[in-house]
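Written out below as structure tokens is the structure these notes cover.
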4 protein chains.
Amino acid sequence: MNLWRRSRERVATKIEVGVLGATGTVGQELIQLLDQHPWFQVTWLAASERSRGQRYGDLAWTLPGKVPAGVANQRVEPPWPRGAPHMVFSALDPAAAGEAEPAFAAAGHYVVSNARNFRMDPLVPLLVPEVNAQHLDLVEIQQQKKRWSGAIVTSPDCSTVFLAVVLGALREFQVKRVLVTTLQALSGTDCRGVASVDAAADVIPCVDGEEHNIETETQKILGRLVVDSIVPDPVQISAQAARVPVFHGHTEMVSLELDERVSSEQVREAFQEFSSSAHALHLPSAPAKPILVHEERDRPKSHLDAESGRGMLVHVGRLRKCSVLGHKFVVLGHNLIRGAAGAAVLNAELIVARSLFAPAQRLP
Amino acid sequence: MNLWRRSRERVATKIEVGVLGATGTVGQELIQLLDQHPWFQVTWLAASERSRGQRYGDLAWTLPGKVPAGVANQRVEPPWPRGAPHMVFSALDPAAAGEAEPAFAAAGHYVVSNARNFRMDPLVPLLVPEVNAQHLDLVEIQQQKKRWSGAIVTSPDCSTVFLAVVLGALREFQVKRVLVTTLQALSGTDCRGVASVDAAADVIPCVDGEEHNIETETQKILGRLVVDSIVPDPVQISAQAARVPVFHGHTEMVSLELDERVSSEQVREAFQEFSSSAHALHLPSAPAKPILVHEERDRPKSHLDAESGRGMLVHVGRLRKCSVLGHKFVVLGHNLIRGAAGAAVLNAELIVARSLFAPAQRLP
Amino acid sequence: MNLWRRSRERVATKIEVGVLGATGTVGQELIQLLDQHPWFQVTWLAASERSRGQRYGDLAWTLPGKVPAGVANQRVEPPWPRGAPHMVFSALDPAAAGEAEPAFAAAGHYVVSNARNFRMDPLVPLLVPEVNAQHLDLVEIQQQKKRWSGAIVTSPDCSTVFLAVVLGALREFQVKRVLVTTLQALSGTDCRGVASVDAAADVIPCVDGEEHNIETETQKILGRLVVDSIVPDPVQISAQAARVPVFHGHTEMVSLELDERVSSEQVREAFQEFSSSAHALHLPSAPAKPILVHEERDRPKSHLDAESGRGMLVHVGRLRKCSVLGHKFVVLGHNLIRGAAGAAVLNAELIVARSLFAPAQRLP
Amino acid sequence: MNLWRRSRERVATKIEVGVLGATGTVGQELIQLLDQHPWFQVTWLAASERSRGQRYGDLAWTLPGKVPAGVANQRVEPPWPRGAPHMVFSALDPAAAGEAEPAFAAAGHYVVSNARNFRMDPLVPLLVPEVNAQHLDLVEIQQQKKRWSGAIVTSPDCSTVFLAVVLGALREFQVKRVLVTTLQALSGTDCRGVASVDAAADVIPCVDGEEHNIETETQKILGRLVVDSIVPDPVQISAQAARVPVFHGHTEMVSLELDERVSSEQVREAFQEFSSSAHALHLPSAPAKPILVHEERDRPKSHLDAESGRGMLVHVGRLRKCSVLGHKFVVLGHNLIRGAAGAAVLNAELIVARSLFAPAQRLP
């Protein structure tokens, strides 16, 4: 029985959290998702030196709507642990995350990170709560070996998340080989440098580093924690990543090989019935069914589907036979929510639900 | 020795040709490509009843620039053989082509068709001159069995053309299995019905019928003519087709399995050295090298590359290892030129060069 | 005191309404806006013969999310008055509206129309509740002269709505001359026929009929009801309309001439303080402040602002001096909501609030 | 009689020119336009320190096709006068142009600049050869007052060029007031900083500095050279500038006031008959008729028309009455060619044709 959750329901106090990298796209998305969150309250914001000391509401806000009232008057702090709450979300650039995140963990903070720096660190969980919630056990080992009183927990590359969820749903069928082509939206966290003239109405047949991330991160996520490390799943994955002129929503065309006796119908049912420990734990951001299967011949489509289910669904459509690998289908997810900010919030919820984290505790 | 070509060079007379379906996008593209063509001259235009009798220059012209002067004053004929030149290009809708094309062939005309109706007819060549020029031998059998004095010769679906050319270049390596995801431009011949609001800045994860076309047409193109029919190549192909908001240029992400001893370097060389009988025959529309290999990490790109080489090149980039099937790379081609109108013009040139066609001959 | 509204609050019964043209984009948008509406409940759907008798939930739904549960099982009726509720919204094509709408009005129905057919009829109110709620008095005259027991009330062209609201807010300053260039989104009700390839990444410098609509409709909306007809406002308006590759949200660049003593600051205040009788009447769809003034140099922007305020706001930005006419600024509104479906819902709310309509009443 | 042109025709020697800022978009466009130019040959390239010493063909080339063979093997020089040819084109960033251009002019070079730094300098011609070729007389005054042996000649902002040409054609009608809304393409020289996600399928209702440039530059271009300075034309111009998701081609919606007796037909004829001293001087880049008038109701359109006439035409369409100012119409031009690189090449041609420049001369 999770005592903390019981008390949470009784006591109205929310857990204070911070956001590192609060001014970028993912940082803003985090702040929007955490506004009105039933468990968390943002009380501390940090960004690079440039914004230091400024009122958050005076900085550029590039999401629809206005800056949530609860944070508009907060001042932007420098990205140092001093004064930060016990739990901090990190949407830092890789250039900053490499130094800052370990500093926070060493100082006793739980860092729920969306940065890529420590995703493949053998001591750091790369978490998709629907798929590998048990990898959280790595935190204790991490703390021992790194001599940290805090911890770092990461979420994967946005394209990896959607693939990991669908492969997680098919685990019992022994996924052997996967080919995936990603058609990624422009709002991806790494593409602000794409000049607009290269992106308008053109396919860019390359997203730097993305293919390698998808291939290796997915193996880690699907792996098993044996003794004190994660043994990657032996599934063979080959990815081709392209950038397409779409606002939000990564589309992925997947072909895969399962145990040869598995029928399309069984795959469909596995997707429809997939429900996760995340939902069982009543995590507020976990949909009851993480995967929504579409039957229309031209769905899922990014501008119609990506935002449904508050952006936390993984959409599957066009499930059919593949003459080469056995099964093929289309996957869609919201890259900024389920693929980034929402993934981090879900991870934080899992940490709290698993009682790894004592919310009342404040660092000295 | 091709007597006809010799005389062609001496005599300045061009071959009179007609265009069926002259008002659609591919029809217009045909007229533009045939303007100033060294061998052909458009002297007859036909379209649906609606445009009958109108001056071609008064109808809607949706390509850049103006209607070529040579055809602007011609009147649009109905799509019947009477009065048509011996050779006609067909860019008819499938709804009209099914009846019209056999009528022209029966009346003694060579129909060089871009419509899909007879592509898979066992007696009709589905021609990609760089790959299967010898399939033209089927014309004689077609004429015997169908009791036609003319003939129908077809070009493939636009997405098929590019794939067929790259697989043709790899023939010696025994291509076994192919997975391809197509990112198709909006100017595809079948997509005028896509409402603009569905297409702007969105991926449509489905192009009706396209996947089946790519899979079956490619097998026929790579097949061998045995006695009086084509035995399809046993290569296994699985396609996923999506529409993306791009003007022109289909991008294809290809993974494939070759004889396992073949290296990436050998694949690259095979692409670079691929030269076709089409060029050897001095066909005016055939580039010396049908495939252009790009080395930059983010090429080929549709708006930079699709129109180079007068739109007749097949572009290959990002050639690298695939952990699942062995090799992967990106392909790009201009869907309206090399994929449609240019493919038909190249087929017509091959027919002339192979002396199947006596250009001076006019039907009674 | 509005007795009906009092009783409405006490009795939980909602007013039954119908939707004519329920399968088009505006029809779907109406159904979505009316789902969970505090006053109205959709109990009757009609569309063209083609969909007759089908389950609404089985037809194509092109908006985000799913068909509202309350209507999914309803059968589509033919567009005839028999059996329809007392109040019907019309999102019919102009080709159908011309005959259907008078038939409904003659049969005793209130037709709240978004079609363009009767907008300029001298006996039909062209309503923007924030600006000319008093034009509803024309309904009684309409009923007398047309001998209808029902009535037709119309909402303007989407581009007209936004302009009418801003000019309404400036009425006291005597608007003399207005130049407006509209940059209209692809989801406009009249543009499904725009082929996608013409729209992707291109400006179409023409929207058929739109300029004339904007110029004449605005004069009618700002006009005064004198005795039994509306005297158009003498403001001179000149519009240029272009289609741009944007999903939703029409942007309008406005320059105008006011009484020469009016300062920019006074214009800004007039926009900020503008509040309408619509809000005073507690219409559920009326924002407290219909106009939102932006101060950022690059706002309003369609994908960030169009949907805020549930799509019912008119956004104004970049207010500054115009060296030719005096004042210039940028206007943005959601073309499908404030510009179409939301405009009709607001009109229906005004009709109820003004007690013109006895909701309990059902036609025989 | 222009002796230089006579000798040019006899002697096959081309004039050696340099390109400052050769790696940016306009620099590349200049190199492409100058490839195969009948008068000029690029023999010297310079860019910022970062590219110094590199082979030009090894740097990023972002235009269609490949780097012209003639320059691919040239090494990139630093942006200093030493060793540069007598005539240099400048496509430098404003940050670099402010210092570099005067240094070249002082060292005896003719700088044909596309940068904005000296456009409004009272001693520097802001040249549109079709409109104000006589402003070149300012060069002599510039040289005296600045004590330069060389000179700086500038071309306007891309949006200004198209407006200046159409106003130039209407000069005899006494243009009094002009309202213009620009819909600018993404390839504009100042917009590489627009993040792609802000640009895809969205209108950005602001182009920093552009409105002021259009208003003031146009007055200078239309002005008269009196004694030793240019008296700006008193025409009142008010501009609103927006960025739209289009590759190339700025569309401008213009309303203007002329002498009130001028009819639409006279305006049309003035556009059609407008021919410039530029063409009379046989400048190779000057079209016979700088303005092309379109009659179709939905033209000019950027992707169909911008590149016609080798990108050097100014397109006008939808000429009609404006109820506020008198006349309105749509203008389109290619922003990178007629609006930038082509404008500079035309200016250089005028300088040579006017014999201001002795091509054989090389600096010590």
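FYI, it's all coordinate maths here, none of it is from the lab. Note that this is a predicted model, so its numbers are computed, not measured. Every residue, glycine among them, receives a Cβ derived from its backbone with ideal geometry; neighbour counts consider all protein chains shown.
Can you give me the distance in nm between label points at residue C:14 and residue B:260, each placed 7 Å from the Cα along the Cα-to-Cβ direction? Each label point is offset 7 Å from its Cα along the Cβ direction, giving 6.5 nm.
Compared with the dominant Cα axis of chain B, that is its longest principal axis, helix B:158-169 is turned about 60°.
Pairs of C-alpha atoms in region A:286-329 farther apart than 11 Å represent 68 percent of all such pairs. How would you classify region A:264-364 from its alpha-carbon gyration tensor, with a ≥ b ≥ c the square roots of the eigenvalues: rounded for a/c under 1.5, else prolate if a/b is greater than b/c, otherwise oblate? Prolate, because a/c is 1.5 or more and a/b exceeds b/c. At what distance in angstrom do the alpha carbon centres of region A:291-321 and region D:249-327 lie from each other? Each part reduced to its Cα centre gives a spacing of 48 Å.
Output the direction-averaged projected area (hull surface divided by four) of the convex hull of the alpha-carbon atoms of chain B, in nm². Walk me through the numbers on the way to the answer.
On the way: hull surface 72.2 nm².
With the hull built on Cα positions only, its mean projection is 18.0 nm².
Across peptide A:315-322, how many C-beta atoms of other chains are within 10 Å of each residue C-beta, on average? Each step should come with its number before you reach the end.
On the way: counts 1, 0, 2, 5, 0, 3, 1, 5.
That works out to 2 on average.
Quick one: helix B:264-273 against the long Cα principal axis of chain B, what's the angle to the nearest 10°, folded into 0 to 90? For helix B:264-273, the angle is close to 20 degrees. Kindly identify region A:158-335 as rounded, prolate or oblate by the Cα gyration tensor criterion: order the square roots of the eigenvalues as a ≥ b ≥ c, call it rounded if a/c is under 1.5, otherwise compare a/b with b/c, prolate if a/b is larger, else oblate. It is rounded, given that a/c, with a ≥ b ≥ c, falls under 1.5.
On a per residue basis, the convex hull of the C-alpha atoms belonging to the protein assembly as shown measures out at 213 Å³. Going by alpha carbons, how many degrees (0 to 90, nearest 10) lie between the helix axis of A:210-221 and the longest principal axis of chain A? Tilt of helix A:210-221: around 80 degrees. Cα convex hull, region A:9-78: 80 Å³ per residue, rounded to a whole number. May I ask which of B:289/D:66; B:176/B:321; B:176/B:328; C:14/C:146 have a Cα-Cα span longer than 23 Å here? Beyond 23 Å: C:14/C:146.
By the beta-carbon count within 10 Å of each Cβ, the least crowded to most crowded order of B:208, D:202, fewest first, is B:208, D:202. Projecting the Cα atoms of D:325, D:294, D:218 onto the charge dipole of region D:158-334 (Cβ charges, centred on the Cα centre) puts D:294 farthest toward the positive pole.
Peptide C:294-302 has a mean of 4 when you count, residue by residue, the C-beta atoms of other protein chains within 10 Å of its C-beta.
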